[in-house]
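This report concerns only the one structure given below.
Values in this text are rule-based calculations from the coordinates and carry no lab data. Since the structure is predicted, the reported quantities are computational estimates derived from the model, not experimental observations. Note that each Cβ is placed from the backbone with ideal geometry, even for glycine, and that neighbours are counted across all protein chains shown.
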Amino acid sequence: MSKYHIEIPSHFSELFGRLENSLNGQSDKPYHRLRKKGSELLMKQGFPSTRNEDYKYTALNRVFNEKYEIPESGKISAQGKTAIESIKKITQGESSLCFVNGIYQAEFSSLNLEGVQLIQLSQLEENSSKLRDVLEKIDETISHTDNPFIRLNTSLCRDPLLLFVERGVKIDTPIQLIHYYETENSSLIASPQLIIMAEESSEISLLETHLSSSSRNNTCKVFSNVFQRMLVGKNARIKHHKIQELNKEDFLIHNLIASQEKDSHFYAITADLGSRITRNNLEVHLKDSNTWTEMFGLFASNGQQHIDNQTFLDHAKPHCESREWYKGVLGGRSRGVFNGKVLVRQDAQKTNAFQQNNTLLISDNARMDSKPQLEIYADDVKCSHGATIGYMDSEVMFYLKSRGLDEQQAGELIKIAFLAEVFESVENESIRNLIAEKVIVKLRTIYES
Amino acid sequence: MLKIKDLRVSVEDTEILKGVNLEIKPGEVHAIMGPNGSGKSTLGFVLAGKDDYEVTSGSIEYMGQDLLELDPDERAREGIFLGFQYPVEIPGVSNSNFLKMIINSIRKARGQEELDALQMLKLLKEKIAALSMDVSMLKRSLNDGFSGGEKKRNEILQMAVLEPKLAVLDETDSGLDIDALKVVSDGVNSMRSSDRGFLVITHYQRLLNYIVPDYVHVLIDGKIVKSGDKSLALELEERGYDWIKPEGSTVPA
């Protein structure tokens, strides 16, 4: 184990064995080999310490010290059902996949789209080529990743899923990924895993929400450790929207790796409003030329919240364009981290890459650490990056007040305007309004203290 | 409606206004002229209530109350309007939303009913047409990327919808070509009324051909050194400021 890692605590290493015992017939299925491998690799690697450059500003001791139970499937409270139904209404509930504590709930889900299939890997024939393809992708990822949380997720994932979009199928209505978490008397670790294969010239839009129930013994915490792998085929498009509103004691580590084929488009936006600690690990690999990548982020925090966005964009091929913009408003004693790396390899001539992080601090006790990184090995490229961290502009404040707006109205307008450029990137109007609405409600709670 | 008595104002320990006296009655248009750095803009900012301006002595009475006790937003709701020399650009705030917000917040403060979307649109369209502005500016972000002329028109538009009792216009003519100057002046003139006062701050006499003042005051080195009627402005245009300076006792010739 390197000096940048710490040993996996025993209450974590025991989890795999406990899951294995509860799997019944599932433990001789092909996927279980990956759980085992994930667990073994994780034990070897360990968890990252703050000596690790990518975790320098995000201490996860609070996450590691907690003792979690592995959630069982099939239980959901009446309150949970109501919450899920109300989230479904956002898109009329036509296409929604529901997860309770990270486990897929078929009876609350519906997906009736021609050319789109949701497949539980456990349901696939053991010798099917689809299963082989998916397992290969996951195997490759857990073998080569330096991200231990993907390994942790794989080792503890009860029901891995594949969302398959057939060639040429274009779906405009967003497919909802509803993550709901509830627990009464113990802390939980959720490990949902979803592989999305968007075949050539297909298009889908996703709306992922994370919400946790507030009625529980308040010493209990939810740790959701998500892994998503998205394969954007030739000339295909995936639009991924995420809104995170977890309880203020909960943890989210969201791991998303996307890879793009020729002429494809990948759009991602994350709006992080809740949780005690959130860490988004977003990686995009450009496998071929003429791709278009957009990565957007909004974060608004107060109290003791900590929101960390890590992004890695690998420009490996020529004529690719990318745009990355993360903006946040921090109040209270909250902390934000942005660590974005854009790598432009020698082959990636004519790359056009833009990266920006801007943060507005509302309180003297809030803190932002921003590290926009650009690593370029090609000579004919157009790349820019930058970061700003600042307080509210007193000239702007005075101008607004001189028109009769009071301190609160003016402050709200400034905060919303600051984030507007990011949520305006959302094409779908109802999703854009939803994000704007959630962000505005959150901003009203962000003050100096 | 406005009585300024022996007003002294410092910014970061430097005294800018050194004893200003001025009274404006309803219906009057006063012009303040003076060379650069004489304290003209400071007077505007102090009336609007900007933070960094410290009043060290003297008083400002507005509509029978102590103006200095009010915050900038309270002053605006009491009917004071400052047209900025350099209006602030605010990307992300749509001009139309901003106008709607300030109109209704002022109406609410005055005990008037808030306007609904339809009434609002009618009002805005009417005022925009009067200022020869393009309706498309409503969709843009507040002053963001506006030309100098567009910004000034936008200030006058805000004044027109807020209907202040006392309007202070700081160098509204700077950056305007002659056509824009006429439009903006017409906008101001159409608002002249027996119950509204104006304080027009300008460096050049040109503006006063269009907005004809009742009184002209010359501010030099933080003091009003000469007052007169509109002919004083013409005299200044011809002879410059130098000939007045000796009258101000503290100003070196």
* Structure fact -> Along the dipole axis of the protein assembly as shown (charges at Cβ: +1 for Lys and Arg, -1 for Asp and Glu; origin at the Cα centre), the most positive-end residue among A:10, A:398, A:21 is A:21
* **For a label point 7 Å along the Cα-to-beta-carbon line of residue A:384, residues of the range B:88-112 with backbone N under 18 Å** => B:91-92
* Would you mind computing, in nm to one decimal, how far apart the modelled labels at residue A:376 and residue B:182 are, each placed 7 Å from Cα along Cα→Cβ? => 5.1 nm
* Residues in the range A:402-446, backbone N under 17 Å from the label point at residue B:165 (7 Å along the Cα-to-beta-carbon vector): list them, ranges by number please. => A:403-404
* Asked: How much net charge surrounds residue A:254 when only other residues with a Cβ under 14 Å from its Cβ are counted (Lys, Arg +1; Asp, Glu -1)?
  -> -3
* When the helix-only estimate is applied to chain A (DSSP H runs of n ≥ 4, each -39,500 (n - 2.57), divided by the residue count), what is the mean residue ellipticity at 222 nm, nearest 500 deg cm²/dmol? -> -7500 deg cm²/dmol
* Structure fact -> In nm, the gap between the two label points placed 7 Å beyond Cα toward Cβ at residue A:24 and residue B:136 is 6.6 nm
* Structure fact -> Hits for chain B under the membrane-span-like helix rule (DSSP H, Cα axial span at least 27 Å, Kyte-Doolittle mean at least -0.5) are none
* Please report, in debye to the nearest 20, how large the charge dipole of chain A is about its Cα centre when each Lys and Arg carries +1 at its beta carbon and each Asp and Glu carries -1 there. => 760 debye
* Please list the radius of gyration and Dmax for chain A, considering alpha-carbon atoms only, with Å as the unit. => 21.3, 72
* Using +1 at the Cβ of each Lys and Arg and -1 at the Cβ of each Asp and Glu in the protein assembly as shown, identify which of B:91, A:409, A:315 lies farthest towards the dipole's positive end. => A:315
* Normalised contact order of the range B:150-253, rounded percent, pairs of Cα under 8 Å and 6 or more residues apart -> 22 percent
* Counting Lys and Arg as +1 and Asp and Glu as -1, each charge on the Cβ, what is the dipole of chain B about the Cα centre in debye, to the nearest 20? -> 640 debye
* Which whole-number percent is the relative contact order of the range A:5-288 (Cα, under 8 Å, 6+ apart)? -> 16 percent
* Asked: Hey, which of these cross-link pairs are over 25 Å Cα-Cα: A:415/B:125; B:125/B:165; B:122/B:165; A:75/A:438?
  -> A:415/B:125; A:75/A:438
* **Distance between modelled label sites at residue A:75 and residue B:52, nm, 7 Å Cα→Cβ extension** => 6.1 nm
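Relative contact order for the range B:2-245 using alpha-carbon pairs under 8 Å, separation at least 6, rounded to a whole percent?
29 percent
Trypsin sites (Lys or Arg not before Pro) within the range A:93-185: which are DSSP loop residues with at most 16 other Cβ atoms inside 10 Å?
Sparse-neighbourhood loop trypsin sites (Lys or Arg not before Pro): A:167.
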* Structure fact -> Debye calc, one equal point scatterer per Cα of the range A:299-449, no solvent, log10 I(q)/I(0) at q = 0.15, 0.18, 0.20 1/Å comes to -0.83, -1.05, -1.17
* **lysines with Cα under 21 Å of residue A:234, excluding same-chain neighbours fewer than 8 positions away** => A:130, A:137, A:170, A:262, A:287, A:317, A:350
* Neighbourhood charge, 12 Å Cβ-Cβ cut-off, centred on residue A:193 and excluding it, Lys, Arg +1 and Asp, Glu -1 -> +4
* About its Cα centre, how strong a charge dipole does the range B:130-192 have in debye, to the nearest 20, once Lys and Arg get +1 and Asp and Glu get -1 at the Cβ? -> 200 debye
